[in-house]
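Before any comments, here is the structure.
The values are calculated or read from the model by the stated rules, or taken from the named source; none is laboratory data. Predicted model, so just to flag it, every value in this text is computed and none were measured. Virtual Cβ from ideal backbone geometry, glycine too; neighbours counted across all protein chains shown. Heavy atoms of the whole protein, side chains included, go into the accessibility calculation; ligands, DNA and RNA do not. Shrake-Rupley method; radii C 1.70, N 1.55, O 1.52, S 1.80 Å.
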Amino acid sequence: MIRVRFAPSPTGYLHIGGLRTALYNYLFAKQNDGHLILRIEDTDRTRLVDGAIDNLISTLSWSGIEFDEGPHKEGDYGPYTQSERLDIYHKHTIKLIKSGNAYPCFYPKDRLEAIKSKNISSEIVAEYDTRFRDLDIDESIEKMKYENHIVRLKIPSKGSISISDTIRGSIEFDLSLIQDQIILKSDGFPTYHLASVIDDHLMKISHVIRGEEWVASLPKHALLYKAFEWEMPTFVHLPLLLNKDKSKLSKRQGDVAVEDYKSKGFLKDALINYVSLLGWHGSDNKEIYNYDELIDSFSIDRIKSSGAIFDVKKLIWFNQQYIKKSDSKALLNLISQMLPTEWNLKIEMIDLLKDSVETLNDFQDHLKSFFVYSPMKISSDNTLFSDSIYDFLNLFKETLSKQDDINPNNFKELINTIKTEHDISGNIWKPIRIALTGSEHGPDISNYATILGSKTCVERIKLFLDLNVD
């Protein structure tokens with residue numbers, strides 16, 4: 001059975017790159033009737049952020065990625081939080097020491113403190129630790145009970161190891177360039193290398209789909225699998241996400257947290273669609289996919305090895321497409337919680353505006369003129385407003401006041417009739433817009449006026465004329 005996992009660290013927000021990793025794992029699992037596991041890798045106790053686990057689970061739930069097992073959905077292979085699995089890691093560490101594949105290194109308290117504060121470089125520490133490589137195994141295990149220690153994996157001092165990656169093919173590593181890796185820290189917590197290998201094996205993970213930054217860890221993981229005499233899973237390392245200048249995607253050049261885009265009014269489906277194409281493309285090269293289409297079309301074979309550029313402008317384009325085709329009632333429900341409670345939203349308002357916004361947050365500015373009106377003061381040298389235009393607006397106000405109802409068609413007819421009967425020339429539509437909305441720009445004014453209703457239109461034109469005509 002296909003079993004894959006997404007294993008974030010609770011160190012803050014969910015990164016866009018993390019969302020893509022979770023998404024690709026999800027699509028692969030769904031496509032193959034497999035299982036997706038959420039595992040929380042919280043063994044680096046110095047980087048934990050309060051509330052980060054709940055935030056991760058909440059953000060992933062918002063994104064529509066469903067897990068079959070995890071801290072929030074128990075299965076047969078838990079616990080799914082690594083800090084709750086320390087006994088498992090300790091037991092397997094002793095196995096490695098007994099088999100001669102790992103060794104404990106002992107430190108007096110002052111040296112341990114110097115290492116923790118980084119007053120001694122990792123290279124010097126590793127060189128110092130080789131003195132413990134050949135200590136008697138039983139004596140070392142006994143000594144671990146009462147002396148400060150870490151545990152290192154024995155890396156062969158020469159030779160190479162070749163490991164297969166689905167995207168990159170066979171990758172060869174020179175073992176002489178790799179230090180003996182720490183697998184158990186002085187605080188009793190495992191490092192990523194040990195914990196991830198043990199958990200992937202015990203949780204029966206068939207495919208490890210993760211970011212390219214973990215390629216360098218492959219030889220260490222392969223040696224651990226070999227030491228335990230376990231079969232390795234299939235490795236799939238996804239390409240890096242890059243800024244437009246080809247640097248690694250980072251907070252320094254813009255938002256990288258999923259929750260940032262959620263709070264800025266990006267639709268879940270638009271974000272998922274765009275992120276799915278960062279490194280992968282379907283065989284038909286189309287751009288718009290819903291979740292079901294992604295599940296049907298996704299293929300690891302079509303993931304590129306080169307980095308993918310995260311372009312916010314392209315994401316905005318996707319968001320626009322999804323807003324345009326979204327049901328207006330659904331949009332109204334989404335945005336109503338962002339707006340003042342006294343605003344009485346109508347579906348017609350959403351219908352009118354959804355083709356002109358980039359994000360959900362844009363709706364507030366566009367909707368404001370329906371509920372908050374401030375007549376514009378026109379300067380005396382404004383050539384758009386002549387005496388005849390003010391006369392027209394007054395006539396139009398009087399005509400509208402006799403209308404019980406207006407629609408886009410009769411609104412235009414009323415305007416054209418007044419223009420013809422009173423021989424008024426020039427640009428009349430922009431002055432009407434300014435009088436009704438208080439702004440020079442906006443959506444189709446005939447539809448806008450229809451939503452306002454004739455009574456409100458009359459009130460607004462009166463306020464505009466009172467301000468600008470003596």
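Remarks
- DSSP beta bridges confined to the chain are antiparallel in about 55 percent of cases.
- Seen from ARG133, the other residues with C-beta closer than 12 Å to its C-beta sum to a net charge of -2, counting Lys and Arg as +1 and Asp and Glu as -1.
- Rounded to 10°, Cα long-axis angle of helix 192-202 versus longest principal axis of the chain: 90 degrees
- For the range 383-416 versus the range 30-75, the inter-centroid distance based on Cα atoms is 60 Å.
- Degrees, to the nearest 10: 52-63 long Cα axis against longest axis of the chain: 50 degrees
- For LYS268, a cut-off of 18 angstrom between C-alpha atoms picks up these lysines, skipping any fewer than 8 places away in its own chain: LYS313, LYS314, LYS324, LYS325, LYS329, LYS354.
- Contact order for the chain, expressed relative to its length and based on alpha carbon pairs under 8 Å spaced 6+ residues apart, stands at 13 percent.
- Potential lengthening between SER162 and ARG111 on full extension [0.36 nm per residue; Cα-Cα distance subtracted]: 14.7 nm
- Dividing the Cα radius of gyration of the range 127-238 by its Kirkwood radius returns 0.99 for Rg/Rh.
- Its Cα gyration tensor gives the range 1-160 an equivalent ellipsoid; the semi-axes, largest first and in whole Å, are 37, 19, 15.
- Of all accessible heavy-atom area on the chain, the percent that carbon and sulfur account for (1.4 Å): 46 percent
- Rolling a 1.4 angstrom probe over the protein heavy atoms with all chains in place gives the range 352-456 an accessible area of 53 Å² per residue.
- Of every Cα-Cα pair in the chain, the percent that sits beyond 33 Å: 54 percent
- For the range 349-470, a simple Cβ point-charge model (Lys and Arg +1, Asp and Glu -1, everything else neutral) yields a dipole of about 160 debye relative to the Cα centre.
- Dipole of the range 265-393, positive end: most advanced residue of SER326, ILE389, GLY279 [Cβ charges, Cα centre]: GLY279
- Calculated accessible area for the range 152-281 comes out at 41 Å² per residue, all protein chains present (probe 1.4 Å; ligands, DNA, RNA ignored).
- All lysines inside 22 Å of LYS397 as judged from Cα atoms, apart from same-chain residues fewer than 8 positions distant: LYS377, LYS412, LYS419, LYS430, LYS455, LYS462
- Summed over qualifying helices (DSSP H, 4 residues or more, each -39500 (n - 2.57)) and divided by its residue number, the chain shows a 222 nm mean residue ellipticity of -13000 deg cm²/dmol.
- Calculated FRET value between MET338 and THR456, using beta carbons and R₀ = 30 Å, to 0.05: 0.80
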